[in-house]
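Notes to accompany the following structure.
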Amino acid sequence: MQLGIDTRVTVLAAGLIFLGALCLGVWKYKQMATSETHLAHPYVDVAHRAALLYSFATILLAHGIRRDTTNQFEHIGASTNVAMTALILGEIGGFAVLLAGFVAGQFF
């Protein structure tokens, strides 16, 4: 089965978010190992958990915009532009806002 460009971009985005979640997990583990209370900073904890949830939500979105053999979308019945807009604004945009809040919380 050939995947469309929209599905490929969505799966790539999910992979990149999951890779970010893994990096945040290493950072969280390091903080837990060196802390007296064995707890990571709340911002690191929330960012790690959110990145994991966003990566799996993005995979679900990729399944929703996958096309069948008749070139019709299987689940949401939307065009490629609508599906990509939903991905960018819903998933990636939401994670970017969360990450910006995390970074701002580290400096203030």
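The values are calculated or read from the model by the stated rules, or taken from the named source; none is laboratory data. Small disclaimer: the values here were computed from a predicted structure and weren't measured. Reconstructed Cβ throughout: ideal geometry from the backbone, glycine too, with neighbour counts over all protein chains shown.
Here are a few things to note about the model shown:
- Counting the residues of segment 10-28 that are among the hydrophobic types (A, V, I, L, M, F, W, C) and either buried (at least 18 other Cβ atoms within 10 Å of the Cβ) or not in a helix (DSSP H, G or I) (or both) gives 5.
- Conditions (1) small (Gly, Ala, Ser); (2) modelled with pLDDT of 90 or more; (3) more than 15 Å from the chain's Cα centre (by Cα); number of the one not met by residue 4: (2)
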